[in-house]
1. From the P(r) of the chain, could you give the percentage of C-alpha pairs in the tail past 31 Å?
2. Run down the lysines and flag those whose C-alpha is under 16 Å from the C-alpha of LYS244, throwing out any fewer than 8 positions away in its chain.
3. Whose amide H sits under 5 Å from the amide H of PHE180, counting only residues 5 or more places off or on another chain, with H placed in the peptide plane?
4. Report the full-extension gain for the segment THR388 to TYR346: residue separation times 0.36 nm, less the Cα-Cα distance, to one decimal in nm.
5. Under 18 Å between alpha carbons, and skipping anything fewer than 8 positions from LYS88 in its own chain: which lysines qualify?
6. Output the relative contact order of the chain, whole-number percent, from Cα pairs under 8 angstrom with separation of 6+ residues.
7. Let a ≥ b ≥ c be the square roots of the eigenvalues of the Cα gyration tensor of segment 27-94; is it rounded (a/c under 1.5), or, if not, prolate (a/b larger than b/c) or oblate?
8. Given only helices, namely DSSP H runs of n ≥ 4 each adding -39500 (n - 2.57), what is the per-residue ellipticity at 222 nm of the chain, to the nearest 500 deg cm²/dmol?
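Nothing in this text is a laboratory measurement; each read-out follows from the coordinates by a stated rule. What you see is a predicted model; the values in this text were computed from it and never measured. All Cβ positions, even for glycine, are placed from backbone atoms using ideal geometry, and neighbour counts span all protein chains on display.
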Amino acid sequence: MSLSIGIHDLSFATAEFVLPHTALAAYNGTEIGKYHVGIGQESMSIPAADEDIVTMGAAAAAPIIARHGSDRIRTVVFATESSIDQAKSAGVYVHSLLQLPSATRVVELKQACYGATAALQFAIGLVQRDPAQQVLVIASDVSKYELDSPGEATQGAAAVAMLVSLDPALVRIEDPSGLFTADVMDFWRPNYRNEALVDGHESINAYLQAVEGTWKDYTEQGGRTLEEFAAFCYHQPFTKMAYKAHRHLLNYCGYDTDKNDIARAIAQTTAYNTVIGNSYTASVYLALAALLDQAGDLTGKSVGMFSYGSGSVAEFFAATVVAGYRAHLRTEHNRETIARRRPVDYTGYRALHERSFPTDGGHHATEAQTTGPFRLAGLSGHKRLYETR
Ligand code: HMG
């Protein structure tokens, strides 16, 4: 009999500041309906000068360590595409900030927004090998496009931490997965650039091709039928994308695409992403958090999970909600995490977007802005200095 392995706890963090799309629209003259309705975004999280993927990742994981301890965690997998170092894993900084045991393996994974799903699947493999162990998966990203580009409205920042274990308290991750890889240049970020390059409309097509590809493979591998899913969590670069994706899947399967059916499958998955923006690796797991926090009792129900990373790699799998999950949710904390962000005006956002550390190896302290539990204090001798507040 196969073991029940999955997500035992899930916690997220986001950035200090929030830019409402009304401010962006007022600046660039866009009709607000394009943002609110056309792409389905209300606001986006903007990191403070002293925040990055490490501070958000540590802030997401700290409540998990506080609740479960770290005795059984022997692996930390940090998934990101906004890496801060070409050699050292961002997870090692988080390991240090959270004072995890030295007898831990820590590694960073990358494949655009898909990385966290690879991390989750690898974690399941490790737990299968030794069911006494737990794996801490952290997905943390800052989404940054060029100012005044069409992608600017789809930025955001967040981190999700997940504790993967035997007999999980939230969801069981099922076999099989539907897999799809295609070599496409829809979105990429060369090492010398801070902002991603994107062919926006091509990226939407590439995403939809991946929906088809994963579903085809999922079906061939003997997966569940569409009717067996209570809801679908799609990667949400902007929340309207989830609606496009589900309509595409229904069409592909030869079903009617009734607006209300699509809304029933998607609407409860978008609440966090619509106000946080694209958080790349974290996005599809924020969709899961939103669903679990908002839906009625999902005990025993299966949720379709679609993870997409440009370039591209995608995976479709089922997450089945386990009995008693509601007692383990962090609903209040999640809402507070979003509500506590401080509004930034357009000028302030632009200044944050344009800032970068000098590369001269000198000592460069960062302005103290974040009110979160961890901060990036500065850069000295090319070394990033973190502190617990
Ligand atoms: P755009 O070209 O400025 O927008 O950029 P548009 O003209 O396509 O309009 C967007 C929608 O708003 C359209 O709806 C318009 O009709 C509608 P649709 O036809 O798509 O249904 N609209 C309005 N609706 C109501 N009232 C109005 C109004 N005006 C227009 N007044 C684009 C949009 C998404 C392309 C751009 O923001 C972009 O390039 N974003 C970045 C790329 C992206 O997010 N791609 C998604 C798929 S790839 C992916 O998910 C991977 C990724 O997360 C990265 C990774 O994997 O690492 C990005």
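1. On the way: 23582 of 75466 pairs.
Taking all Cα-Cα pairs of the chain, the fraction more than 31 Å apart is 31 percent.
2. Result set, ordered by chain and number: LYS34, LYS259.
3. Placed amide hydrogens put ALA314 under 5 Å from PHE180.
4. Values: separation 42, 0.36 × 42 = 15.12 nm, distance 2.90 nm.
Between THR388 and TYR346, full extension yields an extra 12.2 nm.
5. Excluding near neighbours in sequence, the set is LYS110, LYS383.
6. 25
7. Numbers: a/c = 3.06, a/b = 2.12, b/c = 1.44.
Cα axes put segment 27-94 in the prolate bin.
8. Working: 11 runs with 123 residues, N = 389.
Per the formula, -9500 deg cm²/dmol.
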